[in-house]
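A short reminder: the numbers here are calculations on the coordinates, not readings from a lab. Since we're looking at a predicted model, the values are computed, not measured. Every residue, glycine as well, gets a Cβ built from its backbone with ideal geometry; the counts of neighbours run over all protein chains shown.
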Amino acid sequence: MAVGTWAPAAPGGDAALVVAARGGDRAALEALVRGHLPLVYNLVRQALGARSEVDDVVQEVLLRAVRELPKLRAPESFRAWLAAITVRQVGTYAAKADRAAERIAPLEDAAWKPGADAEEPALLRLEMAQQRRQVKHAGRWLSADERAVLSLWWLETAGELTRAELAAALRVRVGHAGVRVRRMREQLELSRSIVAALEAVPGCDRLSATIADWNGVPGPFWRKRIARHVRSCAVCGPAGERMIPAERLLAGLVAVPAAVDKAVVEAIGGAVTATASGIGLKTALAGAVTVGALTVGLAVAADEKENPDQKEQQPTVTQSQPPPLSTGKVSLESANQSGRYVAILGDAGVLTDVSNDTDRKWATFEVVPGLADRQCYSLLAADGRHLRHLNWRLRASDEQNTVLSRRDATFCARAGWSAGTVALESYNYRGWFLRHTGGEMWVDQFDGSAEFGADGSFLTRPPLD
């Protein structure tokens, strides 16, 4: 089976493999893991996004599944049982992450207010790409439980899970599963309208007042509060109109990285080596877990293991050279739109042609050590303002006195998706990179696509001013 592909097993196939694996058949256990790794990986990735922790959660799910396999009462229900383990593990991680996010910035550090900028509309926006991005952002407004349901529904929509399997993963009846999905979709659509209202230009003064104490971290409490305003506001309400149904925006399954597939199979194989002596799966796994035989960094390729600093890197690239960025003056040219540069127009970041001295001035930046981490970078515009992301849009800002603003204005240089290029990763949202979309500059979550890689890679050029 090709890496990253997965299809439902033939009737009884899983059950036969489970029985054989329990009896110490190493090949059967490897077949179970390899055959269902894409299912687990996609569930976790959809729920958590492109965070570096995805690999850790996938590893923990598979470790737990292998360890608890002897307890599975109905071998034929293996797939739904595995999905249930995945949902619980994702929920545990997401709840911890939500609590940590609430502590990232105190309320007085909230810096972004809609309506603060009134620049003219930027270049044409790609409607489908924008709404896909908004769906991803909207997902961050859901609770941990809702995100788990979203992950399962996403796989159901892609044809990878049946409604019965979705229900089994949630440990509810099929009828109640439908209720859970409907409620999740209602909250997702509500969250999409919130994202649209927050991104609307020009903004709404009443919305500014509503979120005056917001710390910038999406969550169910502020979703409810902002939604009350959006529903009753003649300015914010229309921003969420004409939304494309979410199921039409969901991308296909994400291919499991080859390093993940190889590492998992090797790890599981090592865990059951002892079964050759006939001691049985449960005993063999107990020993393997004790000595940490399954502790493996799933997405870290062999060359990356030698360089721990690269573990957070999301782009898949082949070159090992350091990313081409250093302090000093620089201009950033798009890797896939030759002659177009990152620039500041008013307060907003854009990708534009450089045709005169004014354009050259605003397409030149001073790279300095990062405000939040000196191992990363901050960029200054020609007038000394820092580039930061404000509700995901790249903007130039005078504000640099709060924890939130300093983190928003710090970017970590990563090797780009093509040789000789650089990608700029958000310091406070790992796995989110600077990219151009419809002529505008945004910080967006890496989705594994070639299109994203092309839009998120930049060539460092001498200063244009």
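Points to keep in mind about this one:
- Label point distance in nm, Thr157-Glu186, each placed 7 Å from Cα along Cα→Cβ: 1.8 nm
- Projecting label points 7 angstrom from Cα along Cα→Cβ for Ala419 and Ser449 puts them 2.7 nm apart.
- Cα-based convex hull volume of segment 366-465 per residue, rounded to whole Å³: 103 Å³
- Compared with the alpha-carbon gap, the fully stretched path from Thr402 to Thr358 is longer by 12.8 nm at 0.36 nm per residue.
- With the simple model of a label 7 Å out from the Cα in the direction of the Cβ, Glu68 to Cys233 spans 4.3 nm.
- Net length gained if the chain between Ala16 and Arg242 were fully extended (0.36 nm per residue, minus Cα distance): 76.5 nm
- Residues Arg173 and Thr92, FRET efficiency given R0 of 22 Å [Cβ-Cβ distance, rounded to 0.05]: 0.40
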